[in-house]
Amino acid sequence: MNKCTERLYNGLVKENPTFVMMLGMCPTLAVTTSAINGIGMGLSTTVVLIFSNLLISLLRKIIPDSVRMPAFIVVVATLVTVVQFLMEGFVPGLYASLGVYIPLIVVNCIILGRAEAYASKNPVLPSIFDGIGMGLGFTFGLTCIGIVRELIGSGKVFGLQIMPDIYEPVTIFILAPGAFLVLAFLVAARNKIMKRMEAKGKKVVKAQGCCEGGCASCGGCDAQVFPTGQEKE
Amino acid sequence: MKELLIIAVGSALVNNVVLSQFLGICPFLGVSKKIETAAGMGGAVVFVITIASFITGAIYQFILHPAGFEYLQTIVFILVIAALVQFVEMFLKKVMPPLYNALGVYLPLITTNCAVLGVSLNCVTKGYNILEGVVYGFSTAVGFTIAIVIMAGIREKIEYNDISESFQGTPIVLLTAALMSIAFFGFSGII
């Protein structure tokens, strides 16, 4: 079980997808207008991530290498559709406020990235725990950003009034520019902490998301999804 | 005609795809270092989103909807888009080499660009017919191009500025995006 706890720690702290790896920035910016939305998005991504890691790890010896990308996409898209209908049925309010970002979990870098980098090479149990760790790390990141934006933007946390009445909410923080602003300070803080750790001689995990390396790191982005006709030429 | 104009202005400026809907953030941050590359990426996105919104709109209208398979839309759309991007790439390579040389590098990057899938899904949610869908897709992509080219222009100037160490790179780009997003709020009075 040692390996499983190591995967959890890895996802939550060491390679936290939001704060360390900077993956999945589209939903991070879009849905964190409140803490509840952040948790909802994080947990639905976690569910998809756990099951996609489970299925891809089970199928890793059956899927031929040349068609693995389309196969991964079909698995992920199926799971996302299932999650979408479950949410529409059981939490219609949350489903309405997350809107188009639920089906867009399909193109979230974290999911295809984990499938490519971990689940397609490792046994089932560590893959599940990798999914849980990464998913909870993502949920944690989204919830933190959601709490900050909701507190400054409307004086509430999880819908409860926190700030005294005299506090004038800075509405711009729950609008679009606030998302960019909060993320900018977050990345700056991350850079500062990483610099300090580097100066102390600790090993530092590089950011891999859109912010740093283009899209080169997430499996599906620069790889050919259908590798047809390319080899012949 | 009036509705089409409202859709076009609304999606290109008022609800800008990057600055207010947060779709396509990856290329917006990653490929906006130079104006030429940003314009190339913008051109590729316009090309792909317009074709993709036409094809996914037609598939939804004539196959998925009549057959009652609406629930398959996410799976079908993402596969169609992935196949389409590669088909477009091969087609351009054979038929129009100059255009391929200009856009080719950016095409594979577009497959997992959430803007393409987002546009197709939004067309269904908003109940657009095929023509409205194509206009919506085209103007959304134009909005993306406007945003990424302006950002590239600003970034070329930022190069010469003295920025504190922690804010170099991505943070200053995000701050710029925040200011651009505030500026684009000004358009919301148009409609």
Segment B:137-191 versus segment A:142-205: alpha-carbon centroid distance in Å: 20
Leaving out same-chain residues fewer than 8 places away, which lysines sit with a Cα under 20 Å from that of A:Lys200? A:Lys14, A:Lys192
Within segment B:39-69, which chymotrypsin sites (Phe, Trp or Tyr not before Pro) sit in a loop by DSSP and count at most 14 neighbouring Cβ atoms inside 10 Å? B:Phe69
Within chain B, which cysteines find no other Cys whose Cβ is under 4.7 angstrom from their own? B:Cys114, B:Cys123
B:Ile59 accessible area, assembled protein chains, probe 1.4 Å, Å²: 30
Under 5 Å between amide hydrogens, which residues at least 5 positions from A:Gly24 or on another chain qualify, with H placed 1.01 Å from N in the peptide plane? A:Cys109, A:Ile110, A:Cys210
Rounded to whole Å and sorted largest first, what semi-axes of the equivalent ellipsoid does the C-alpha gyration tensor of the protein assembly as shown yield via the square root of 5 times each eigenvalue? 30, 28, 24
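Take the Cβ-Cβ distance between A:Ile63 and B:Val105 as r, set R0 to 25 Å, and report the resulting FRET efficiency rounded to the nearest 0.05.
0.30
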If each DSSP helix of 4+ residues adds -39,500 (n - 2.57) and the sum is divided by the residues in chain B, what number results at 222 nm, nearest 500 deg cm²/dmol? -22500 deg cm²/dmol
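Scan chain A and note any complete DSSP helix (H) whose C-alpha atoms cover at least 24 Å along its axis and whose Kyte-Doolittle average is -1.0 or more.
A:35-58, A:68-90, A:124-154, A:176-199
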With at most 16 other Cβ atoms within 10 Å, longest stretch of chain B clear of loop trypsin sites (Lys or Arg not before Pro) (DSSP): B:35-191
Would you tell me the mean number of C-beta atoms belonging to other protein chains that fall within 10 Å of each C-beta in B:17-23, as a whole number? 5
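Leaving ligands, DNA and RNA out of it, rank B:Met1, A:Met69 by accessible area with a 1.4 Å probe, largest first.
If we order B:Met1, A:Met69 from most to least accessible, we get B:Met1, A:Met69.
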Set of aspartates and glutamates with alpha-carbon distance to A:Lys3 below 20 Å, sequence-local pairs under 8 removed: A:Glu15, A:Glu116, A:Asp130
Once whole DSSP H runs in chain B are found, which of them have Cα atoms spread over 27 Å or more along the helix axis and a mean Kyte-Doolittle score of at least -0.5? B:35-59, B:73-95, B:130-158
Under 5 Å from the placed amide H of A:Val157, counting only residues 5+ away or on other chains, we find A:Ile162
Which value, in Å² rounded to 10, gives the accessible area of A:Ile152 with a 1.4 Å probe and all protein chains present? 50
Report the rotationally averaged projected area of segment A:3-219 based on its alpha-carbon convex hull, in square nanometres. 13.3
Mean ellipticity per residue at 222 nm, deg cm²/dmol - from DSSP H runs of n ≥ 4 across chain A, formula -39500 (n - 2.57): -19000 deg cm²/dmol
Placing each pseudo-label 7 Å from Cα in the direction of the beta carbon, A:Asn2 and B:Ala183 end up separated by a distance in nanometres of 5.7
Give the distance, in whole Å, between the Cα centre of segment A:107-131 and the Cα centre of segment B:1-40. 32
If you scale each eigenvalue of the Cα gyration tensor by 5 and take the root, what three semi-axes come out for chain B, rounded to whole angstrom and sorted largest first? 30, 21, 14
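I need the peptides B:178-188, B:137-147, A:173-183 ranked by packing, meaning the mean over residues of other C-beta atoms within 10 angstrom, with the highest value on top.
Averaged packing, sorted descending, gives the order B:137-147, A:173-183, B:178-188.
Given R₀ = 35 Å, what would the calculated FRET efficiency be for A:Asn122 paired with A:Ala199, taking r from the Cβ atoms and rounding to 0.05?
The calculated FRET efficiency here is 0.55.
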How much accessible surface area, in Å² rounded to 10, belongs to the heavy atoms of A:Asp65 with a 1.4 Å probe? 110
Charges on Cβ only, +1 for Lys and Arg, -1 for Asp and Glu, centred on the Cα centroid of chain B; of B:Phe91, B:Phe54, B:Thr170, which one is farthest towards the dipole's positive end? B:Phe91
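Can you count the Lys pairs in chain B with C-alpha separation below 25 Å, eight or more apart or on different chains?
4
The values are calculated or read from the model by the stated rules, or taken from the named source; none is laboratory data. Just so we're clear, the structure is a prediction, and the values are computed from it rather than from any experiment. Because the Cβ atoms are built from the backbone with ideal geometry, glycine has one as well, and the counts that use them run over all protein chains shown. These accessible areas exclude ligands, DNA and RNA; they are computed on the full protein's heavy atoms, side chains included. Shrake-Rupley method; radii C 1.70, N 1.55, O 1.52, S 1.80 Å.
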